[in-house]
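**Q** Let me begin by handing over the structure; questions about it come next.
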Amino acid sequence: MLDVDFVRSQFPAFAEQSLKGQAFFENAGGSYTCAPVIDRLTRFYRERKVQPYAPYRASDLAGAEMDEARARLAGFMGVATDEVSFGPSTTQNTYVLAQAFRQWMDPGDAIIVTNQDHEANSGPWRRLAEDGIEVREWRVDPETGHLDPEDLNALLDDRVRLVCFPHCSNVVGEINPVAKITARAHAAGAFVCVDGVSYAPHGIPDVGGLGADIYLFSAYKTYGPHQGIMVMRRNLGEMLPNQGHYFNADSLYKRFTPAGPDHAQVAACAGMVDYFEAFAAHHGVMGETPVATGVAVHDAIRSHEIKLLQPILDFAKTRNSVRLLGPAEAENRAPTVALAANVPGEALAAQLAEHDVMAGGGDFYAVRALSGMGVDEARGVLRVSFVHYTTEDEVQKLLTALDAVL
Ligand SMILES: Cc1ncc(COP(=O)(O)O)c(C=O)c1O
């Protein structure tokens, strides 16, 4: 069983006076930051804030810490160190990637995008149509928001080079079967680009095991600093045209991140793994390899979240005034719950704030998903999202507030 007191002791926000009594349910927008990340960030700015990789001590430590972050995250995800890179955000990472595909593909080639994705893994790819690339849309079921892998079969043929889809949508919440979808795309000769932003906070996945060619997530929603993390598998990364400086083309991790990186934040990402390892050690689930530890942490987090999530879904089902988007069974989804009502989601969030519940309302840049399900885009949805540091008491507080507001 997850020791939530231990977990919360790792997040300074819970000891922060100004946040006391506030139940945080907008984690899908950005999580609280764990202590090791804040400590590393502070240490970097105080002791190592110099140009890294030069032959003097402060610089050497700075560069080594940046390398450590990449190596340890790669270990957790079951990929090679140079297959991991950092960018300013996931959205910036996909824009750079789309530019690489634009140069690599020929007119008449095709890509598949979904209308379940956040715009970050949709718009940049759709713009390839400007260069004669055929864009095919894999659509959600308008009732349920479900993305049916059977529907993908009809879209795949030998012209498709890339299939872009989310591990989990930030409004539907349903967990898509990444390994199965990837296997189908690969069998048809296509690569896949998976947006893991809404999934990774619920346990960093074994990306190597899933088989995805590109896997993206955002550290600031996964207890870390404001960075986009990108896995680019070697065979694809070496084939796509380099987007960085020409003389860096031989470094896989520099090929798709043309900007100079935010050194301090990159280094601080090692703190995310410090936290996950401390979590594993405390709960007695340390694995024999980093990837095994990652999987064990993921499983412990998921079972806690599933337990807390079901009452929220059950409550939503009993209310005629709201429509629950996505599955009503907790094990099939992330604890990111969007509710559509006859009033704007933002107004409902404001009412929840009066009950000391922090939630969000709007379209969450998932405009295509909302319109694909017939939700009024202007009204948007109320979204309540939590992670493993959330307690049963906070869920109870949310339910009481929802009962008053809906
Ligand atoms: C599912 C999903 N994908 C992508 C993004 C974009 O991430 P970033 O803010 O790092 O560009 C978000 C941000 O909300 C998201 O929820």
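The values are calculated or read from the model by the stated rules, or taken from the named source; none is laboratory data. Since we're looking at a predicted model, the values are computed, not measured. For neighbour counting, all protein chains shown are included, and Cβ atoms are generated from backbone atoms with ideal geometry for every residue, glycine included.
**Q** Are any residues in region 150-166 in contact with a helix residue (DSSP H, G or I) (Cβ under 9 Å, 6 or more places away or on another chain) and either surrounded by 15 or more Cβ atoms within 10 Å (Cβ to Cβ) or free of Cβ contacts under 8 Å to residues at least 24 places away in the same chain (or both), and if so, which ones?
**A** The answer is L152, L156, V160, R161, L162, V163, C164, F165, P166.
**Q** Considering only region 256-265, how many residues are among the hydrophobic types (A, V, I, L, M, F, W, C) and in a helix (DSSP H, G or I)?
**A** Result for region 256-265: 1.
**Q** Could you list all residues from region 128-151 that are outside any loop (DSSP other than H, G, I, E, B) and either within 16 Å of the ligand (Cβ to nearest atom) or touching a Leu at 6+ places or on another chain (Cβ under 7 Å) (or both)? Before you say what the answer is, go through the steps one by one.
**A** Step one: of region 128-151, the residues outside any loop (DSSP other than H, G, I, E, B) are 128-131, 134-138, 149-151.
Hits for region 128-151 are V135, R136, W138.
**Q** Restricting attention to region 113-126, report how many residues are of a type outside the set (G, A, S) and either more than 16 Å from the ligand (Cβ to nearest atom) or part of a loop (DSSP other than H, G, I, E, B) (or both).
**A** Matching residues across region 113-126 total 4.
**Q** Taking only region 266-298 into account, find how many residues are under 25 Å from H226 (Cα atoms) and either acidic (D, E) or not in a helix (DSSP H, G or I) (or both).
**A** 3
**Q** Would you mention how many residues in region 203-222 are in contact (Cβ under 8 Å) with a residue 60 or more places away in the chain and surrounded by fewer than 24 Cβ atoms within 10 Å (Cβ to Cβ)?
**A** 6
**Q** L370: more than 23 Å from the chain's Cα centre (by Cα) and of a type in the set (A, V, I, L, M), yes or no?
**A** No.
**Q** Let me ask you something else. Looking at A328, A401, A353, A340 in this structure, which one is in a strand (DSSP E or B), modelled with pLDDT of 95 or more, more than 16 Å from the ligand (Cβ to nearest atom) and small (G, A, S)? Steps first, please.
**A** On the way: A328 fails: in a strand (DSSP E or B); A401 fails: in a strand (DSSP E or B); A353 fails: in a strand (DSSP E or B).
Testing whether each residue is in a strand (DSSP E or B), modelled with pLDDT of 95 or more, more than 16 Å from the ligand (Cβ to nearest atom) and small (G, A, S) leaves just A340.
**Q** Quick check on my filter: what residues within region 364-389 are within 12 Å of the ligand (Cβ to nearest atom), surrounded by 24 or more Cβ atoms within 10 Å (Cβ to Cβ) and in a loop (DSSP other than H, G, I, E, B)?
**A** F364, A366
**Q** Hey, among A154, A179, A212, which residue is in a loop (DSSP other than H, G, I, E, B) and either on the phi < 0 side of the Ramachandran plot or in contact with a Gly (Cβ under 6 Å, 6 or more places away or on another chain) (or both)?
**A** Values: A154 fails: in a loop (DSSP other than H, G, I, E, B); A179 fails: in a loop (DSSP other than H, G, I, E, B).
Being in a loop (DSSP other than H, G, I, E, B) and either on the phi < 0 side of the Ramachandran plot or in contact with a Gly (Cβ under 6 Å, 6 or more places away or on another chain) (or both) holds for just one of A154, A179, A212, which is A212.
**Q** Which residues, taken from region 312-323, are surrounded by 14 or more Cβ atoms within 10 Å (Cβ to Cβ) and either modelled with pLDDT under 95 or more than 13 Å from S385 (Cα to Cα) (or both)?
**A** F315, A316, R319, V322, R323, listed by residue number.
**Q** Here's another thing I want to ask about it. Considering only region 70-112, how many residues are under 20 Å from V207 (Cα atoms) and either within 16 Å of the ligand (Cβ to nearest atom) or part of a helix (DSSP H, G or I) (or both)?
**A** Residues in region 70-112 being under 20 Å from V207 (Cα atoms) and either within 16 Å of the ligand (Cβ to nearest atom) or part of a helix (DSSP H, G or I) (or both): 21 in total.
**Q** Just a yes or no: is a residue in region 187-201 over 19 Å from P149 (Cα atoms) and part of a helix (DSSP H, G or I)?
**A** Among the residues of region 187-201, at least one is over 19 Å from P149 (Cα atoms) and part of a helix (DSSP H, G or I), which makes the answer yes.
**Q** Let me ask another. Looking at Y32, Y95, can you tell me which residue is within 29 Å of I306 (Cα to Cα), within 25 Å of the chain's Cα centre (by Cα) and at pLDDT 95 or above?
**A** Details: Y95 fails: within 29 Å of I306 (Cα to Cα).
Of Y32, Y95, the one residue that is within 29 Å of I306 (Cα to Cα), within 25 Å of the chain's Cα centre (by Cα) and at pLDDT 95 or above is Y32.
**Q** Yes or no: region 54-69 includes at least one residue that is within 25 Å of V194 (Cβ to Cβ), within 16 Å of the ligand (Cβ to nearest atom), crowded, with 18+ Cβ neighbours inside 10 Å and within 20 Å of the chain's Cα centre (by Cα).
**A** No, region 54-69 has no match at all.
**Q** Would you please list the contacts, defined by Cβ atoms under 7 Å and residues six or more apart or on different chains, that run from a residue in region 366-379 that is among the polar types (S, T, N, Q) to a residue that is at pLDDT below 95?
**A** S371/E377
**Q** Give me the residue from region 115-141 that is touching a residue at least 60 places away in the same chain (Cβ under 8 Å) and closer than 18 Å to A154 by Cα and, out of that set, surrounded by the fewest Cβ atoms within 10 Å (Cβ to Cβ).
**A** The extreme case among them is R139.
**Q** Please work out if A219 is out of contact with any Pro (no Cβ under 7 Å at 6 or more places or on another chain) and within 15 Å of the ligand (Cβ to nearest atom).
**A** No, not satisfied.
**Q** Still on this model: Would you say E26 is charged (D, E, K, R) and in contact with a strand residue (DSSP E or B) (Cβ under 8 Å, 6 or more places away or on another chain)?
**A** Working: charged (D, E, K, R): yes; in contact with a strand residue (DSSP E or B) (Cβ under 8 Å, 6 or more places away or on another chain): yes.
Criteria met by E26.
**Q** Next up: Yes or no: region 243-251 includes at least one residue that is at pLDDT 95 or above and within 16 Å of the ligand (Cβ to nearest atom). Give the derivation first.
**A** Going through region 243-251, the residues at pLDDT 95 or above turn out to be 243-251.
Those still in the list that are within 16 Å of the ligand (Cβ to nearest atom) too: none.
No, region 243-251 contains no residue that is at pLDDT 95 or above and within 16 Å of the ligand (Cβ to nearest atom).
**Q** With (1) of a type outside the set (F, W, Y); (2) more than 22 Å from Q92 (Cβ to Cβ); (3) in contact (Cβ under 8 Å) with a residue 12 or more places away in the chain as the list, and N320 as the residue in question, which single condition is left unmet?
**A** Among (1) of a type outside the set (F, W, Y); (2) more than 22 Å from Q92 (Cβ to Cβ); (3) in contact (Cβ under 8 Å) with a residue 12 or more places away in the chain, the lone unmet condition for N320 is (3).
**Q** Follow-up. How about region 36-53: which of its residues are surrounded by fewer than 19 Cβ atoms within 10 Å (Cβ to Cβ) and farther than 22 Å from G260 by Cβ?
**A** I38, D39
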